[in-house]
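Worksheet: one structure, shown below.
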Amino acid sequence: MPVFVAKPVFWSDRLRRSALVLLVAGLVLAALAVFGGLQPSRAIAAFVCIVAAALVPWRVHDPAASRETELGANPVETAAAYAIIAGMPDPNVLLDRAGRVIHLNAAAAQLVPALRKNELAQFALRSPEIVTALREAIATRETRRATYLNHVPVDRWMELIITPVPVPTAFGGIDHCMLLTFHDQTPLRRVEEMRADFVANASHELRTPLAALSGFIDTLQGPARDDPGARDRFLGIMHAQATRMARLIDDLLSLSRVELSAHVRPDTLVDLIPIVRQVVDGLEPLAVERQVEIEVALPSTPVMIAGDREELLRLFENLIENALKYGASGGRVTVSSMMDAAPDGVPEFRVVVRDFGPGIAPEHLPRLTERFYRVDVGDSRAQGGTGLGLSLVKHILNRHHGRLLIESVPGQGASFTAGFPPAQAVAA
Ligand code: ADP
């Protein structure tokens, strides 16, 4: 990937000056040989010395001067090459053929503060993998790749690509600079890690009830074959485990459906109030079972938002069911609403589900919407939870351009607020 085009420079100022010196020296020596009696062999020897004196320093390695030569003696081209490197969004470093830094952009200086102009890059980059790749790229003039890891201030994974860049020299030959380009792979790595974690968690969650099911099947085929009492009990447990698996698969599918359509705003106008009421009515049997009273304080007038009815049902089901399951000891759950301004000043309609149970310790609050995160895994499983409910709630709210607010004082219960922008704000 050539960064610039440099024309061969055969007669640079320096070469022209050297030629002038040699011409004058030749004329003077010839005049001395013809008119001054200087022996021709001595005149030739003196001329050879002058030629050497004029040309050798010209090729002696002067880092700054040789870089000018490598980049083309034309200062406009050199400046253009530097400007291109400076303008690249990724960190970029240009090295000479010995691996010394010729130029680097601000992003590279920020990423590797130890990189200095005119110093060997390997002193700053140090990792054996990078040093080997750099040596190989210089020796073979082929592109090499390596990984650059940075742990400060946060972990970052960068792919380093070392590309030899052919540059015409002042003598009409070709030299090779090395262009180092860093590509940030951190977001990809994170997604990959999250995907792997997710698959591991989902498999684990499915394997647990599956193991219980096959254990009971073995028992029913063997020792409990002729025990009707044990059979009924075991079938009950098997039913609960199968329900849990079905629920997990349901939640996983819902989550992936919401994620797939995350970037598409729902465009149907729906009234939130009957949706919340329908959920409360549906959960009444659970409330009775848990001896919890649900108090509803919702407006009698419609509250229209742009929304997906099925997803909204799922959202409130999760919030109210959690309040009934985890906050049952408070004996009371309230479902209320209000109109207020969001932090950005836009008015939002809020539905607040509050319980008066044990509440949630502050350190758990920021992680509650992570997939499979549970304050108490045993308690969640005992309640038939999957650990995906609040993650689903968050995704549904994101799709509706809403937000979830979780507040809790341990010992005094928890409140979950779903805030929605009004229909006209979403349409805008
Ligand atoms: P689950 O399927 O386990 O209920 P959720 O994502 O819905 O998963 O909730 C995550 C965790 O948050 C629950 O396991 C529980 O520990 C905690 N939690 C949710 N709602 C409440 C609540 N109202 N009171 C106390 N803890 C709660």
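Points worth noting:
- Efficiency of FRET between His204 and Glu119 - r from beta-carbon atoms, R0 45 angstrom, step 0.05: 0.35
- Whole-angstrom gap from region 294-337 to region 120-178, using each part's C-alpha centre: 58 Å
- Looking at region 325-428, the GluC sites (Glu not before Pro) that sit in a DSSP loop and have at most 16 other Cβ atoms within 10 Å of their own Cβ are Glu370.
- Simple label model, 7 Å out from Cα along Cβ direction - Ala230 to Asp379, nm: 3.5 nm
- What the Cβ-Cβ distance of Thr132 and Leu298 gives, at R0 = 51 Å and to the nearest 0.05, is a FRET efficiency of 0.15.
- Normalised contact order of region 79-184, rounded percent, pairs of Cα under 8 Å and 6 or more residues apart: 24 percent
- Loop-resident GluC sites (Glu not before Pro) (DSSP state other than H, G, I, E or B) in region 94-180 with no more than 11 further Cβ atoms inside 10 Å of their Cβ: Glu142.
- Val191-Arg247 pseudo-label distance in nm [points 7 Å out on the Cα-to-Cβ vector]: 3.2 nm
- For region 189-260: relative contact order, % (alpha-carbon pairs under 8 angstrom, 6 or more apart): 35 percent
- FRET efficiency for the Glu310 to Ile84 pair, using the beta carbon distance and R₀ = 51 Å, is estimated at 0.45.
- Full-extension gain in nm, Ala240 to His263, via 0.36 nm per residue minus C-alpha separation: 4.7 nm
- Simple label model, 7 Å out from Cα along Cβ direction - Leu20 to Gln39, nm: 3.5 nm
- Helix-only CD estimate at 222 nm, as mean residue ellipticity for the chain, using -39500 (n - 2.57) per DSSP H run (n ≥ 4): -16500 deg cm²/dmol
- Backbone N under 19 Å from the Leu405 label point (7 Å along Cα→Cβ), restricted to region 324-357: 334-356
The numbers here are math on the coordinates, done by the rules we state, and not lab data. Bear in mind the structure is a predicted one, so any value in this text is a computation, not a measurement. Neighbour counts are summed over all protein chains in view; Cβ atoms, including those assigned to glycine, are modelled from backbone coordinates with ideal geometry.
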